[in-house]
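The values are calculated or read from the model by the stated rules, or taken from the named source; none is laboratory data. Not measured: the values here are computed from a predicted model. Ideal geometry is used to build each Cβ from the backbone, glycine not excepted, and the neighbour counts take in all protein chains shown.
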Amino acid sequence: MHESPSIRFARTVQALGVAGRELGLEVPAFRSPPRLVGVQRSIRRAPGATLVAVVVRGRPWPAVQADLIEGIIATNDLRAEAADRVRAQLWAAIEPTAVEEEPEGAAPVPPAPAEVRDAA
């Protein structure tokens, strides 16, 4: 059964919201499409709120997912290692089957602390 882009977007946003809150992150509001013409993703900040808008239609689904995840990373001003850890955990939350076993000899990625903002 084929899921509509709107339903797929809503399910993904919901899963990312749950995962982000479990990590102690600020979770932005999401919408589609952006109000700005010609952009794939926009971020609008206001006191106490952030809105991430992404184009869904006509784009590869992994690109949409990546924009949603990067919106959470940007909202929380995560950098370097903290951003990498959170990014991996958010991907795992929306694509649990995409996370394969580590190649032999590879170091596992440690989980992000609950307060990742302090590490950024």
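Every residue, every condition in (1) exposed (fewer than 12 other Cβ atoms within 10 Å of the Cβ); (2) more than 14 Å from the chain's Cα centre (by Cα); (3) modelled with pLDDT under 95; (4) not charged (D, E, K, R), yes or no:
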residue: SER4; (1), (2), (3), (4): yes, yes, yes, yes
residue: ARG21; (1), (2), (3), (4): yes, no, no, no
residue: LEU25; (1), (2), (3), (4): no, no, no, yes
residue: ARG35; (1), (2), (3), (4): yes, yes, yes, no
residue: ALA49; (1), (2), (3), (4): yes, yes, yes, yes
residue: GLU81; (1), (2), (3), (4): no, yes, no, no
residue: ALA88; (1), (2), (3), (4): no, no, no, yes
Close pairs from segment 4-31: first at positive phi, partner part of a helix (DSSP H, G or I) and among the β-branched types (Val, Ile, Thr), Cβ under 7 Å, at least 6 apart:
GLY24/VAL116
ALA119 - would you say it is surrounded by fewer than 18 Cβ atoms within 10 Å (Cβ to Cβ), at pLDDT below 95 and small (Gly, Ala, Ser)?
yes
How about segment 1-85: which strands (runs of 3 or more DSSP E) wholly inside it have at least 3 residues that are in contact with a Ser or Thr (Cβ under 9 Å, 6 or more places away or on another chain) and under 17 Å from GLU95 (Cβ atoms)?
none
Any residue in segment 73-94 that is in contact with a Gly (Cβ under 9 Å, 6 or more places away or on another chain) and small (Gly, Ala, Ser)?
yes
Do we have ARG31 as of a type in the set (D, E, K, R) and either in contact with a Gly (Cβ under 9 Å, 6 or more places away or on another chain) or modelled with pLDDT of 95 or more (or both) here?
yes
